[in-house]
There are 2 protein chains.
Amino acid sequence: MKSEFMKAAIREARKGIRAQEGDPFGAVVVKDGRIVSGAHNSVVKTNDPTAHAEILAIRRAASELRRFNLSDCELYTTSEPCPMCLAAIYWARIPVFYFGCTRTDAAEIGFDDEFFYRALRGQTGKAERRVRSVRLGRKGCLEVFREWSEKPDKVLY
Amino acid sequence: MKSEFMKAAIREARKGIRAQEGDPFGAVVVKDGRIVSGAHNSVVKTNDPTAHAEILAIRRAASELRRFNLSDCELYTTSEPCPMCLAAIYWARIPVFYFGCTRTDAAEIGFDDEFFYRALRGQTGKAERRVRSVRLGRKGCLEVFREWSEKPDKVLY
């Protein structure tokens, strides 16, 4: 059963490659033994740098199920999720995911995931750092936090 | 100028709070001193767990500029990006971002970002781990990588 879901993720990846829509990654979201959504990387086709297979599969599953909490779902992906997709799995509260290729396999065909993992851990040197962050205007931003905190009908997730 | 862009991000966050669309976060993408896109967290409104302000602002800017590479843009966000959004900034090749509140400020009003950062660094204990990952079917997935690698017209980004 599990290997069938992985095969479905592989089929998604193949579809993407053949349609020249993005990179060789596919994913499906499964609930109660049924595939709820499937997607392949569509960065190139849609000009959306966030359109990784896992992000799209999560967005489609959430849209299908009409809720942002997917804690009763599983995700199958052809390659170990990048930090963006891994954090998306956390936010969606998906408790378990299955992956085929590793981030090292992905690095071998030219993808940056391993670098990003190191960058997020602060393990890259200054010369290697690609993104600079600057603190600015905290006071005004805290006022927005306060306004929200005081709302009686806020939704925390 | 920079503080004006942060004010625009704050206005976005306020819009979201008042329309009850999500959480108190706003972001804008700026190119050549002009705002290209703005967004606020819309997780609750759109039932999309990935609909953070930064992700939406990046997607809109990329759509507006018709390219997935935003290396000539800057991002302003009312709060330090979560790992998902930080990795999205990397993927979009945005070289610099400005943020107001810190992840500690966000934790104080109930957001999990700091936990996610620790989880991505592997600094959470087993009991605390919320997402389990399982390796499965690497061989079939590697075949897809190979198929893609051998394509003469592949787009690497």
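With the Cα gyration tensor of the protein assembly as shown in hand, convert its eigenvalues to equivalent ellipsoid semi-axes via √(5λ) and list them largest first in whole Å.
31, 22, 18
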Provide a whole-number value for the mean count of partner chain Cβ atoms within 10 Å of the Cβ atoms in peptide B:94-107.
4
Give a quick list of trypsin sites (Lys or Arg not before Pro) in segment A:108-157 that DSSP marks as loop, anything other than H, G, I, E or B, with at most 10 other Cβ atoms within 10 Å.
A:K126
Contact surface B-A: accessible area buried, both sides summed, square angstrom, 1.4 angstrom probe
8100 Å²
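Assuming 0.692 mPa s and 37 °C, estimate D for segment A:1-88 with Stokes-Einstein, Rh taken as the Kirkwood radius over Cα pairs, in µm²/s.
260 µm²/s
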Springs between alpha-carbon atoms under 10 Å, Gaussian network over chain B: tell me which of B:S79, B:S37, B:S63 tops the mean-square fluctuations.
B:S63
Segment A:1-101, accessible area per residue, ligands and nucleic acids excluded (1.4 Å, Å²):
34 Å²
Please calculate the 1.4 Å probe accessible area of B:H52, with all protein chains present, and give it to the nearest 10 Å².
10 Å²
Cα centroid of segment B:1-70 to Cα centroid of segment A:46-108, whole Å
22 Å
Quick one: putting +1 on the C-beta of Lys and Arg, -1 on the C-beta of Asp and Glu, what dipole do you get for segment A:1-138 around its Cα centre, in Debye to the nearest 20?
540 debye
Rg and Dmax of segment B:61-150, Cα atoms, in Å?
17.7, 50
Could you pull out the trypsin sites (Lys or Arg not before Pro) across segment B:1-75 that fall in loop regions by DSSP (anything but H, G, I, E, B) with no more than 10 other Cβ atoms inside 10 Å?
B:R66
Taking loop as defined by DSSP and a crowding limit of 11 other beta carbons within 10 Å, which GluC sites (Glu not before Pro) in segment B:87-157 fit?
B:E128, B:E150
Let me confirm one metric for peptide B:76-85, namely the mean number of other chain beta-carbon atoms within 10 Å of its residues' beta-carbons.
6
Among B:I109, B:I55, B:I35, residue whose mean-square fluctuation peaks in a GNM of chain B (springs only between Cα atoms under 10 Å)
B:I109
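Over the protein assembly as shown, with every protein chain in place, what whole percent of the accessible area is carbon and sulfur at 1.4 Å, could you tell me? Walk me through the intermediate numbers first.
Details: 6350 of 13460 Å².
Roughly 47 percent, rounded to a whole number.
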Kindly give Rg over Rh for chain A, based on alpha-carbon atoms, with the Kirkwood expression for the hydrodynamic radius.
1.04
If you build a Gaussian network model of chain A, linking Cα atoms that sit under 10 Å apart, which residue out of A:V36, A:V131, A:V44 swings the most?
A:V131
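The values are calculated or read from the model by the stated rules, or taken from the named source; none is laboratory data. Small disclaimer: the values here were computed from a predicted structure and weren't measured. Cβ atoms come from the backbone with ideal geometry, glycine included; neighbour counts cover every protein chain shown. We work out accessible area using only protein heavy atoms, side chains counted, and drop any ligands, DNA or RNA first. Shrake-Rupley method; radii C 1.70, N 1.55, O 1.52, S 1.80 Å.
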